[in-house]
Amino acid sequence: MNGGSLRSDDLPKGAVTRAELVSLLPFLSEVIVVDMPGSLLRSALQHGISGLSNEDADSSPPGKFLQVSSTLRFQWYFDDGVPALGTVTVAGSALDDEASYKVAISEYIANGGDGFDQFAGLDRMSRGLTQADTVALYLAQFTAASPLPEPSDGRIMQTSEVVHLPLGVFCKVPSKAVNMGKPSQREECDHALHMVEVINNKNDGLYDDLLPSALLVVNESYQGCVQGLAERALAELRGAPNLLSLGGDLPAAIGPSCSNDVAAVTSAQSRASSGWNGVVVSPSSTAPVLTDGEQYPNVVRMSTNEIMIGAGLANLVQHYQWRRVAVLHDDSLWGRGSAGAFMSSFLAGSERAELINCPNGGRSVSRQLAEADGICAVPEGETRGTQFSLDEVEAGDNDETTHCRECIVSLLQGLHDKGARIIVLATQPRIAGQIFHLVHETGLLYGKGCVPVPKNPQLPDLRTLPDSKPLPSPATQVCVDPDVVDRGYAAQPRCVTEHDNHLRRRGRTLYHRDR
């Protein structure tokens, strides 16, 4: 019932007379029973608390505030000064918006009194009893020997005012520009936004007790991947109108995903320049250098460091006794770190291991193993033997459809001239796609007679597999030239490839890592 229908402060202790009940509930409004969905009941409760922000709410409480029975309990709170409905339970269970509930209401609010227009059009069943009559029938079951129990706590509770917590999300592509053929472009970003919705919804049964008195206020911004847009994206997040209205600075952000972009917004130099010291939670950046907490403070990463990944790849290469390997990587922070991690582990695994596109096979003249940054060092003024420039290959354009064809063909030709058979490629997916395309188009590093080996710890005997077997669906594939195996030179197989859609035909290809 609406609070305005109650016209007495209290009932006396002990026996209650009919006159006292009529004084408490003087209006001749009948009790109506209706069936309604949970969503409508929730809407009615929200309407009932909507006047609690009025300046005179303490001295003159709004009459539409609903008083409910002990089986219906709800919480409410102020959200930036506006009353909001919290958790609602019926008989101990969370209110289900889709379920149907039988509710007794007064004829007054059933007819739209106090602004309750939610009940219009519902089927009604009248009991022919006023509110005072109904209460009298209820109290008649109690006696002096068995009185009305004391009301339990928690029927209607005001909880703490909700705190708004700003959160930024870096996205690889804008939400309106995503290529529907490449849903993975938005995967990390959309996962983050979905979890924010789940956490903010306190009535869906999922993480309802996580941040119970807080709402995450999210803004997203596009930063691409190693395209020089991260600092602009951070500025957009920090300048979002809804953030500025809350006051203060952005405390945390999810992303960026790519190591160069993480470094661009978290390096000590960048933070000193921007004045931003927020926490960055990066889903997939793996460059080893980002582990330096002094140089890159307040960074939390959710993916395995490239040191471990490089060691795992080196173990694969060593398993097949591949001793002559070429490495090709871009000049991004991640590309250098990823390649360096592999090369260090590869060269450390065997004195006979050789990086065929590095001076002295990747070792010093004395055959000593260099530090990761010194591997494949070249004379001053020359390009590192394993490295290429992203800017040059992309022809100064961040559009993945634009690239310097001659630059890529030159890289492939150089590897071909060195007799490369195993090539570890560490570059951005947009560049890897162009490289694979040109491998197929030019025929460089592309041969016949490969035997696919699925990614499986129980590796089969390569001699027993027919070379005519078609390649399986996307999986890591190890391709070897049967002639080489038969001659006993298993150290020089043809190729390794991972989920390469362009080169499903048996051929010489590249092992690709990206991030």
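The values are calculated or read from the model by the stated rules, or taken from the named source; none is laboratory data. Owing to the predicted nature of the structure, the values given are computational and were not obtained by experimental measurement. Cβ: placed from backbone, ideal geometry, glycine included. Neighbour counts: every protein chain shown.
Only one residue in V289, V265, V281 is under 21 Å from the mean Cα position of the chain (by Cα) and in a helix (DSSP H, G or I), so which one is that?
V265
Residues that are loosely packed, with under 10 Cβ neighbours inside 10 Å and either touching a Phe, Trp or Tyr at 6+ places or on another chain (Cβ under 6 Å) or not aliphatic (A, V, I, L, M) (or both) within region 112-137 comprise G121, D123, G128, listed in sequence order.
Could you list all residues from region 241-259 that are small (G, A, S), more than 22 Å from S303 (Cβ to Cβ) and either without any contact (Cβ under 8 Å) to a residue 60 or more places away in the chain or in a strand (DSSP E or B) (or both)? Even if it seems obvious, please write down each step before you answer.
Taking region 241-259 as the starting set, the residues that turn out to be small (G, A, S) are 245, 247-248, 252-253, 255, 257, 259.
If we keep only those that are more than 22 Å from S303 (Cβ to Cβ) as well, we get 245, 247-248.
Scanning region 241-259 gives S245, G247.
Residues in region 403-436 that are in contact with a strand residue (DSSP E or B) (Cβ under 9 Å, 6 or more places away or on another chain) and either assigned to a loop (DSSP other than H, G, I, E, B) or basic (K, R) (or both): K418, G419, A420, R421, I422, T427, Q428.
Within region 399-421, restricting attention to residues that are at pLDDT below 85 and surrounded by 15 or more Cβ atoms within 10 Å (Cβ to Cβ), the residue that is nearest to Y320 (Cα to Cα) is R421. Look at region 89-100: where a residue is on the phi > 0 side of the Ramachandran plot and a partner is assigned to a loop (DSSP other than H, G, I, E, B) and not basic (K, R), sitting 6+ places away or on another chain with Cβ atoms under 8 Å, you get A91/T71. There is no residue in region 443-460 that is in a helix (DSSP H, G or I), modelled with pLDDT under 85 and either among the small types (G, A, S) or under 30 Å from K172 (Cβ atoms) (or both).
Filtering region 302-318 for residues that are surrounded by 18 or more Cβ atoms within 10 Å (Cβ to Cβ) and assigned to a strand (DSSP E or B) leaves an empty set. In region 55-92, what residues are among the charged types (D, E, K, R), closer than 19 Å to V103 by Cβ and not in a strand (DSSP E or B)? Matches in region 55-92: K64 only. Within the set L45, L52, the sole residue that is closer than 24 Å to H164 by Cβ, in the same structural domain as Q118 (by TED's automatic domain parsing), in a helix (DSSP H, G or I) and modelled with pLDDT under 90 turns out to be L52.
For region 93-111, taking the residues that are assigned to a strand (DSSP E or B) and under 31 Å from the mean Cα position of the chain (by Cα), the one that is surrounded by the fewest Cβ atoms within 10 Å (Cβ to Cβ) is identified as S93.
Given the structure, is E220 closer than 30 Å to D391 by Cβ and in a strand (DSSP E or B)? Here the answer is yes, as E220 does meet what is asked.
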